[in-house]
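Q: Please see the structure below; I have some questions.
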Amino acid sequence: MDRIQNAALLLKLIELLRVLGNWCGETHVQKATFFLKDLTQVPMPYDFILYKHGPFSFELRDELTALRADGLIDLEPQWPYRPRIVPTDRSAYIQEICSQTLRKYNACIAFVADKLGGKGVADLERLATALYVTKRTGADRSVEERAEELRRHKPHITMGGAKSAIVEVDKMMKEAETHMRRGEDEP
């Protein structure tokens with residue numbers, strides 16, 4: 001996928017998150033993009049590492065800066081909080097010229113936005129870390145084993161919170177698999 005197609009996917013994701021009432025700061029975009037790549041297998045070019053607040057991509061941070069420099073997104077100040085990311089009017093043009101790519105991945109973007117749209121930063125950290133651990137250690141490991149691994153990386157998350165996040169991610173993985181399979185059956 002080229003940079004413009006990738007930008008169109010990010011812009012659509014940001015747009016849908018905002019429609020669902022999401023704060024849409026960088027943390028939200030980071031976690032939603034991670035889910036888009038790792039949960040729904042959309043071929044995003046970002047490598048994610050486990051960082052302070054869960055999976056994080058330095059390449060994605062650079063791309064968001066580039067989108068801002070290109071006039072495709074803007075930052076909306078929200079004092080005393082961090083700013084929100086807002087697509088500009090120019091973003092509609094990118095989405096229009098990449099409409100075929102967006103049609104191909106629209107169900108995946110909508111699925112991720114729907115699942116994460118109402119989540120706060122703490123919930124996103126737990127869920128994204130749960131997905132990270134599950135994908136890297138294996139979904140066949142027990143909830144308890146994966147929760148312990150999650151807590152090894154994020155000791156501030158309670159065991160109950162870790163187990164809950166693993167269970168929720170397992171459910172999302174099953175739903176995504178069903179959702180994506182249904183999308184493949186459509187012409």
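The values are calculated or read from the model by the stated rules, or taken from the named source; none is laboratory data. Here the structure is a predicted model, which means the values were calculated and not measured. For neighbour counting, all protein chains shown are included, and Cβ atoms are generated from backbone atoms with ideal geometry for every residue, glycine included. For accessibility, only protein heavy atoms count, side chains too; no ligands or nucleic acids. Shrake-Rupley method; radii C 1.70, N 1.55, O 1.52, S 1.80 Å.
Q: Sort through Thr129, Thr178, Thr137, Thr158 and tell me the only one that's among the hydroxyl-bearing types (Ser, Thr, Tyr) and under 16 Å from the mean Cα position of the chain (by Cα).
A: So the residue among Thr129, Thr178, Thr137, Thr158 that is among the hydroxyl-bearing types (Ser, Thr, Tyr) and under 16 Å from the mean Cα position of the chain (by Cα) is Thr129.
Q: How many of the residues making up the range 24-41 are part of a loop (DSSP other than H, G, I, E, B) and either more than 19 Å from Leu72 (Cβ to Cβ) or free of Cβ contacts under 8 Å to residues at least 60 places away in the same chain (or both)?
A: Residues flagged as part of a loop (DSSP other than H, G, I, E, B) and either more than 19 Å from Leu72 (Cβ to Cβ) or free of Cβ contacts under 8 Å to residues at least 60 places away in the same chain (or both) within the range 24-41 amount to 3.
Q: Can you spot a residue in the range 132-144 that is open to solvent by less than 40 Å² (accessible area, probe 1.4 Å) and hydroxyl-bearing (Ser, Thr, Tyr)?
A: Yes, some residue in the range 132-144 is open to solvent by less than 40 Å² (accessible area, probe 1.4 Å) and hydroxyl-bearing (Ser, Thr, Tyr).
Q: May I ask you to say which residue of Leu50, Leu11 is part of a strand (DSSP E or B) and either free of Cβ contacts under 8 Å to residues at least 24 places away in the same chain or more than 20 Å from Met180 (Cα to Cα) (or both)?
A: None of the other options fit; the residue is Leu50.
Q: Look through the range 71-103, keep the residues that are loosely packed, with under 14 Cβ neighbours inside 10 Å and among the acidic types (Asp, Glu), and return whichever of them is modelled with the lowest pLDDT.
A: Glu76
Q: Next question, about the same structure. Of the residues Pro83, Pro45, Pro87, which is within 23 Å of Met172 (Cα to Cα) and either in contact with a strand residue (DSSP E or B) (Cβ under 6 Å, 6 or more places away or on another chain) or not basic (Lys, Arg) (or both)?
A: After applying the criteria, what remains is Pro45.
Q: If you check Gly117, Gly54, which single one turns out to be of a type outside the set (Phe, Trp, Tyr) and either over 30 Å from Val143 (Cα atoms) or in contact with a Gly (Cβ under 9 Å, 6 or more places away or on another chain) (or both)?
A: The unique qualifying residue is Gly117.
Q: Let me ask another. Kindly list the number of the only condition in (1) more than 24 Å from Asp2 (Cβ to Cβ); (2) out of contact with any Gly (no Cβ under 7 Å at 6 or more places or on another chain) that fails for Arg84.
A: (2)
Q: Right, another one. Quick one: count up the residues across the range 53-69 that are touching a residue at least 40 places away in the same chain (Cβ under 8 Å) and open to solvent by 30 Å² or more (accessible area, probe 1.4 Å).
A: 1
Q: Residues in the range 62-71: is at least one out of contact with any Pro (no Cβ under 8 Å at 6 or more places or on another chain), of a type outside the set (Ser, Thr, Tyr) and at positive phi?
A: yes
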